[in-house]
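The values are calculated or read from the model by the stated rules, or taken from the named source; none is laboratory data. Quantities reported herein were computed from a predicted structural model and do not represent experimental measurements. Reconstructed Cβ throughout: ideal geometry from the backbone, glycine too, with neighbour counts over all protein chains shown.
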Amino acid sequence: MGYLVKKKLLALFVIILFSANVAIVASEETKLSPIIIGTTSGYAPYVSLNTEGQYEGFDIDLSRFLGEKLKREVVFKDFGSMPGLLLALKQKRVDMVIWAISITKDRMEKMDFVYYQGAIIETTPFLFWKQIPPGLETINDLEKIPNSVVCVEAGSAQEDLLKSFPNLKLKYADKVLDIIMDLRYGKCLTTTVDPGVVPGYVKKHPELKVVELPLPEHQKMFGNGIAIDKSNSELTEKVRVAIAQLTSEGKIAELEKKWNM
């Protein structure tokens, strides 16, 4: 083999090797990082822990479908309560929060939402232990009951609602499960929670009695949304497209049926 031929082959080998290295580096650079999703257990059927200590529920399945659409691995981080979740989003410790968060006008001013499930809510369920006080027709009527205490989950849409009634005496808790115990042992009169979780709690605690009271116009809720920081509009748009695809493909309806929504 002549010197000139060997030189050409060597040059070709160098080009091929260089191209391969460039391709590997490009592949590594374009590899997408995992989506960090904030959540908290104890909110069935949206999020709970199974007997093996693994997350399950409507929102968990939805998150995994979303990850497939975005071609990104999904990593869940538990922050224990609604205030913890919202703080983590604000501090950019998560990319989004998926935890049956009700969309309200006040929240839409603070963060972006991508609607994915649920209807417009014009009433809210109030839970009582064994007996509903007579003559209860509006939230204002709760203010007329002497020495009554209303429990509420801190950081929830329900907290925003109840704080608009200044004469209500509120008691805060991190989780609805803690509130149920307070109701049972007479530490508060009532509470209001997301309508989607009511059937599960009533099934587990038949002593709970439920009454629907009308919401003020400005406190109406517009379904459940994926919360994303307003500075990440690009991600919001990608999630919006992905949720639209999942809806049109029937995946949302499939999950509603699976989790008896």
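Quick notes
- For the stretch 85-111, a residue qualifies if it is crowded, with 16+ Cβ neighbours inside 10 Å and either among the hydroxyl-bearing types (S, T, Y) or assigned to a helix (DSSP H, G or I) (or both), and the qualifying residues are L85, L86, A88, L89, S102, T104, R107.
- V114 satisfies every condition listed in (1) more than 24 Å from I101 (Cβ to Cβ); (2) out of contact with any Leu (no Cβ under 9 Å at 6 or more places or on another chain); (3) hydrophobic (A, V, I, L, M, F, W, C); (4) not in a loop (DSSP other than H, G, I, E, B) except (1).
- Test: residue in the stretch 216-230 that is touching a residue at least 40 places away in the same chain (Cβ under 8 Å), in contact with a strand residue (DSSP E or B) (Cβ under 7 Å, 6 or more places away or on another chain), in a helix (DSSP H, G or I) and aliphatic (A, V, I, L, M): no
- Restricting the first member to the stretch 116-128 and to residues that are under 25 Å from L62 (Cα atoms) and at pLDDT 95 or above, and the second to residues that are surrounded by fewer than 21 Cβ atoms within 10 Å (Cβ to Cβ) and among the hydroxyl-bearing types (S, T, Y), no beta-carbon pair is closer than 6 Å while six or more apart or on different chains.
- Every residue from the stretch 126-160 that is touching a helix residue (DSSP H, G or I) at 6+ places or on another chain (Cβ under 7 Å) and among the polar types (S, T, N, Q): S148, S156
- Selected residue (criterion: modelled with the highest pLDDT) from residues of the stretch 135-166 that are over 24 Å from the mean Cα position of the chain (by Cα), of a type in the set (S, T, N, Q) and in a loop (DSSP other than H, G, I, E, B): T138
- Hey, K238 surrounded by 14 or more Cβ atoms within 10 Å (Cβ to Cβ) and modelled with pLDDT under 95 or not: no
- Filter pass, I101 being touching a Phe, Trp or Tyr at 6+ places or on another chain (Cβ under 6 Å) and either modelled with pLDDT under 95 or among the polar types (S, T, N, Q) (or both): no
- Condition met for P146 (of a type outside the set (F, W, Y), outside the structural domain of I243 (by TED's automatic domain parsing) and out of contact with any Asp or Glu (no Cβ under 9 Å at 6 or more places or on another chain)): yes
- Filtering I180, I132 for residues that are closer than 19 Å to K209 by Cβ and touching a Leu at 6+ places or on another chain (Cβ under 8 Å) leaves a single hit, I180.
- Summed over the stretch 179-201, the residues that are surrounded by fewer than 17 Cβ atoms within 10 Å (Cβ to Cβ), touching a strand residue (DSSP E or B) at 6+ places or on another chain (Cβ under 8 Å) and free of Cβ contacts under 8 Å to residues at least 40 places away in the same chain give a count of 1.
- If you check F126, F113 for being under 24 Å from K90 (Cβ atoms), touching a strand residue (DSSP E or B) at 6+ places or on another chain (Cβ under 6 Å) and among the hydrophobic types (A, V, I, L, M, F, W, C), only one passes: F113.
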